[in-house]
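One structure coming up, written as structure tokens, with questions to follow.
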Amino acid sequence: MKYKFCPLCGRELEEKYSWDEGGVPYCLHDDLMFFDTPKPCIMVAIIKEDEILLLKQSYIYENSKVLLSGYVGNNETAEEAVYREVKEEAGIEINNITYLGSDYVKDKEILMITFVADFVSGQIKKSNEVEGMGWSKLSNALNEMKEDIIGTKVVEKVLNVKSRR
Ligand SMILES: [Zn+2]
């Protein structure tokens, strides 16, 4: 998002030249530059033997299931966000989180940082924010998440890694 007004003091921003970024919106009052940066989000494929955790969120995709995802908070790493979101949304314990690459969600200005992790313990206790959640066969996951392009790419990477073992 390109800032026009200072989110701290509300004054109109002017353009200040930054040697590596060109013109950047700048607040003279707060002496701060507001870079046009994406919002970091995490997405994680949680694997339990031959199953994967899938969520149903009809407001995102009416006919597809999705992987667990959430925004990275201030003062936390992407990995910490993964553990926190999994605990909050699914109520389960995971470990062995492995980075799978990042993706950009154009319309939403989101930088999606993707991971795979292993289920450790716990019964699924979904948060009220989640419509549905459960274990699906990993071999059938791609059929259940057709509309979720980024999630599909993540599952394809997981399947590739598994087939090489
Ligand atoms: Zn300001």
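Just to check your reading of the model, which residue among Tyr71, Tyr61 is more than 16 Å from the ligand (Cβ to nearest atom), at pLDDT 95 or above and surrounded by 11 or more Cβ atoms within 10 Å (Cβ to Cβ)?
Testing whether each residue is more than 16 Å from the ligand (Cβ to nearest atom), at pLDDT 95 or above and surrounded by 11 or more Cβ atoms within 10 Å (Cβ to Cβ) leaves just Tyr71.
Which number in (1) in contact (Cβ under 8 Å) with a residue 24 or more places away in the chain; (2) farther than 18 Å from Ser64 by Cα marks the one condition that Thr98 misses?
All conditions pass for Thr98, except number (1).
One residue is enough: does region 1-19 have a residue meeting the conditions among the basic types (Lys, Arg), within 16 Å of the ligand (Cβ to nearest atom), surrounded by 11 or more Cβ atoms within 10 Å (Cβ to Cβ) and modelled with pLDDT of 95 or more?
Scanning region 1-19, I find at least one residue that is among the basic types (Lys, Arg), within 16 Å of the ligand (Cβ to nearest atom), surrounded by 11 or more Cβ atoms within 10 Å (Cβ to Cβ) and modelled with pLDDT of 95 or more, so the answer is yes.
Which of (1) within 11 Å of the ligand (Cβ to nearest atom); (2) basic (Lys, Arg); (3) under 30 Å from Val86 (Cα atoms) does Lys56 not meet, given it meets every other one?
Unmet for Lys56, out of (1) within 11 Å of the ligand (Cβ to nearest atom); (2) basic (Lys, Arg); (3) under 30 Å from Val86 (Cα atoms): (1).
Could I ask something else about it? Does Ala78 fit the bill of being of a type in the set (A, V, I, L, M) and farther than 15 Å from Tyr61 by Cβ?
Yes: the conditions hold for Ala78.
Residues of region 27-36 being more than 7 Å from the ligand (Cβ to nearest atom) and either farther than 11 Å from Lys2 by Cα or among the aliphatic types (A, V, I, L, M) (or both), which ones?
Leu28, Asp31, Met33
Pairs under 8 Å by beta carbon, first residue assigned by TED's automatic domain parsing to the domain that holds Val24 in region 1-13, partner exposed (fewer than 12 other Cβ atoms within 10 Å of the Cβ) and in a strand (DSSP E or B), six or more apart or different chains?
That search, which allows pairs on different chains as well, returns Lys4/Glu12; Phe5/Glu12; Cys6/Glu12.
The values are calculated or read from the model by the stated rules, or taken from the named source; none is laboratory data. What you see is a predicted model, and the numbers here were worked out from it, not measured in a lab. Quick reminder, even Gly has a Cβ in these numbers, built from the backbone with ideal geometry, and neighbours come from all protein chains shown.
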